[in-house]
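Report on one structure; see the data block that follows.
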Amino acid sequence: VPNLQGPRYICPAPNGGFVVSEECGDVKVFTSRRKLLCSLSSKYGHRFGNPAGVCVDVEGSILVADEQRHTVHLFPEHGPPICLVSAGLRKPVGVACSSFGHLFVADAGENCVKVFKYRVRPP
């Protein structure tokens, strides 16, 4: 996939595609045929500081750690973005989520992994 602006982190998407964060401040979603499906900045009108880690949960929502803004946002397929973590992160660089609604955030600023619950019950 050419013409990315400083690709940083990547994860698979449920449709066989993938999600890539870029240093330039955007996150792009590609189809299984490596065609650009959307840019999260354009689709949601969201301004990233420095997007880092990305992951996709069991519902197909994209989660993004923003290293500069010290946040983690969830981008659902439909509806506006939701800020899941807005405090307590110094330098969130990696994210992963479990099928039980746990969000794992690698915080390089504190040399630890922080665990959050973002859904009331498992799917």
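The values are calculated or read from the model by the stated rules, or taken from the named source; none is laboratory data. This one's a predicted model, so the numbers in the text were calculated from it and none came from an experiment. Here the Cβ positions follow ideal geometry from the backbone for every residue, glycine too, while neighbour counts run over all protein chains shown. We work out accessible area using only protein heavy atoms, side chains counted, and drop any ligands, DNA or RNA first. Shrake-Rupley method; radii C 1.70, N 1.55, O 1.52, S 1.80 Å.
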In Å², nearest 10: area of Cys112 left accessible to a 1.4 Å probe = 50 Å²
At 0.36 nm per residue, minus the direct Cα-Cα distance, what do Ala87 and Asn3 gain on full extension? Give it in nm, one decimal, please.
-> 26.9 nm
For Ala13, distant residues with modelled amide H under 5 Å away | Phe18, Val19
Would you tell me the accessible area of Ile10, worked out with a 1.4 angstrom probe on the heavy atoms of the protein chains, in Å² to the nearest 10?
-> 110 Å²
Counting only residues 5 or more places away or on other chains, whose amide H sits under 5 Å from the amide H of Lys91 once H atoms are built in the peptide plane?
-> Ala108, Gly109, Glu110
So what is the 222 nm mean residue ellipticity for the chain from helices alone, if each DSSP H run of at least 4 adds -39500 (n - 2.57) and you divide by all residues, rounding to the nearest 500 deg cm²/dmol?
-> -1000 deg cm²/dmol
Here the FRET efficiency for His102 versus Asn15, based on Cβ atoms and R0 = 25 Å and rounded to 0.05, is 0.60
If you stretched the chain out fully between Lys35 and Lys114, how much longer would it get, using 0.36 nm times the residue separation minus the C-alpha to C-alpha distance?
-> 25.1 nm
Judged on accessible area alone, 1.4 Å probe, highest first, Thr71, Thr31 line up as Thr31, Thr71
So which chymotrypsin sites (Phe, Trp or Tyr not before Pro) in the stretch 35-121 end up in coil per DSSP with only 14 or fewer other C-beta atoms within 10 Å?
-> Phe100
Mind checking the log10 I(q)/I(0) for the chain at q = 0.16 Å⁻¹? Debye, one equal scatterer per Cα, no solvent, two decimals.
-> -0.71
Percent of accessible area on the stretch 50-89 owned by carbon and sulfur, 1.4 Å probe?
-> 51 percent
Once phi is turned into ³J(HN,Hα) by the Karplus curve 6.51 cos²θ - 1.76 cosθ + 1.60 with θ = phi - 60°, what whole-Hz value does each residue of the stretch 8-16 show in order, with x for glycine and proline?
-> 10, 10, 9, 8, x, 10, x, 7, x
Counting only protein chains, not ligands or nucleic acids, how are Ser42, Ser21, Ser99 ordered by accessible area (probe 1.4 Å), most first?
-> Ser42, Ser99, Ser21
Using a Gaussian network model of the chain whose springs link C-alpha atoms within less than 10 Å, name the residue from Lys28, Lys91, Lys43 with the highest mean-square fluctuation.
-> Lys43
Residue with peak Gaussian network fluctuation, the chain [Cα springs, cutoff 10 Å], from Gly25, Gly79, Gly17 = Gly79
Take a quick pass over the stretch 7-117 and tell me how many lysine pairs come in under 25 angstrom between Cα atoms, counting only ones 8 or more apart or on separate chains.
-> 5
Scalar couplings 3J(HN,Hα) for the stretch 71-81 by Karplus 6.51 cos²θ - 1.76 cosθ + 1.60 (θ = phi - 60°), nearest whole Hz, x for Gly and Pro, are 9, 10, 10, 10, 10, x, 4, 10, x, x, x
Normalised by the residues of the chain, what does the relative contact order come to in percent, with Cα pairs under 8 Å and at least six apart?
-> 15 percent
